[in-house]
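Heads up, the thing below is written out as structure tokens.
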Amino acid sequence: MTRIVLADDHPMIQAAVEALLRGSQYQLVAKASSGSEAIQAIAATDPEIVVLDVHMPDGSGLDVLRNMRGGGDKRPVILLTASIDDAGFEEALSLKVDGALLKSSDPALLLDCLDSVANGEEWIDPQLQKQAYDARIAATERGVSLSPRERELVQLVRQGLRNRDIAEKLGITEGTVKVYLHSVFEKTGVANRTELAIRAAEWVR
């Protein structure tokens, strides 16, 4: 049996998933209703796959995913959500989420998603794939065109480097880094470094 932890603050969703898994190869070893409860349940039961609602009190599914990846926990994670914005989805992908499923989809797709993830494959809901594709097309249509040096800088910001570190990497001054950053902000329409890091996949690969 493959051990599962489910975190979702809606009792009906918890019950539906529990019923769906009954008789399958998946064993629901813990249920949580918040981000903090999810982290505790993962530590207590050591599941093989974690299923997280994106929108929960006391820590969202993305918060739990960040916590896991930041601590070096690479076990498979599936996001289960009613909706997720483009920036949140891009961040989830950058954090190596293994699966993502909309709650409005056919419930049987959760088993398909679990089967794929259990086999080491990525499984993303077709509607979410289209959402990500449309967002990237929209970015292209906005005419965002970064220079090679600007793309290098975006990659380094994505890695969490500070201006001083970026300057050393690129062999330029911190002042020049600030100039490049200002140019990138202007071209992409982002408001700050965090947003740039989250949406970096729109402009660099």
* To do: Can you confirm whether segment 117-128 contains a residue that is without any contact (Cβ under 8 Å) to a residue 60 or more places away in the chain, in a strand (DSSP E or B) and touching a Ser or Thr at 6+ places or on another chain (Cβ under 6 Å)?
  => yes
* Asked: Can you find a residue in segment 36-54 that is closer than 23 Å to Ser104 by Cβ and charged (D, E, K, R)?
  -> yes
* To do: Residue by residue through segment 51-67, note down the ones that are touching a helix residue (DSSP H, G or I) at 6+ places or on another chain (Cβ under 7 Å) and surrounded by fewer than 20 Cβ atoms within 10 Å (Cβ to Cβ).
  => Asp58, Gly59, Asp63, Asn67
* In segment 150-176, what residues are surrounded by 14 or more Cβ atoms within 10 Å (Cβ to Cβ) and outside any helix (DSSP H, G or I)? -> Leu161, Ile172
* **Members of segment 7-40 that are crowded, with 19+ Cβ neighbours inside 10 Å, in a helix (DSSP H, G or I) and not β-branched (Val, Ile, Thr)** => Leu21, Gly35, Glu37, Ala38
* Residue among Ser24, Ser94, Ser104, Ser83 that alone is in contact (Cβ under 8 Å) with a residue 60 or more places away in the chain, in the same structural domain as Tyr133 (by TED's automatic domain parsing) and within 18 Å of Ile124 (Cβ to Cβ) -> Ser94
* Asked: Among the residues of segment 109-154 satisfying the criterion of being basic (Lys, Arg) and out of contact with any Phe, Trp or Tyr (no Cβ under 9 Å at 6 or more places or on another chain), which is modelled with the highest pLDDT?
  -> Lys130
* To do: Could you tell me which of the residues Val184, Val179 is at pLDDT below 90, part of a helix (DSSP H, G or I) and over 24 Å from the mean Cα position of the chain (by Cα)?
  => Val179
* Test Ser33 against the stated conditions and say whether it is of a type outside the set (A, V, I, L, M, F, W, C) and at pLDDT 95 or above. => yes
* To do: Identify the residue in segment 102-112 that is of a type in the set (A, V, I, L, M) and under 17 Å from Tyr26 (Cα atoms) and, among all such residues, is surrounded by the most Cβ atoms within 10 Å (Cβ to Cβ).
  => Leu110
* **Failed item, numbered, when His55 is tested on (1) under 19 Å from Gly99 (Cβ atoms); (2) not in a loop (DSSP other than H, G, I, E, B)** => (2)
* Would you mind finding the one in Ala200, Ala191, Ala167 that is of a type in the set (A, V, I, L, M, F, W, C) and within 16 Å of Phe89 (Cα to Cα)? => Ala200
* To do: Inspect segment 86-93 for any residue being out of contact with any Lys or Arg (no Cβ under 9 Å at 6 or more places or on another chain) and either closer than 14 Å to Ile4 by Cβ or not in a helix (DSSP H, G or I) (or both) and give the result as yes or no.
  => no
* What do you reckon, is Gly70 surrounded by fewer than 18 Cβ atoms within 10 Å (Cβ to Cβ) and at pLDDT below 95? -> yes
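The values are calculated or read from the model by the stated rules, or taken from the named source; none is laboratory data. Since we're looking at a predicted model, the values are computed, not measured. Glycine also receives a Cβ, built like all others from the backbone with ideal geometry; neighbour counts cover every protein chain displayed.
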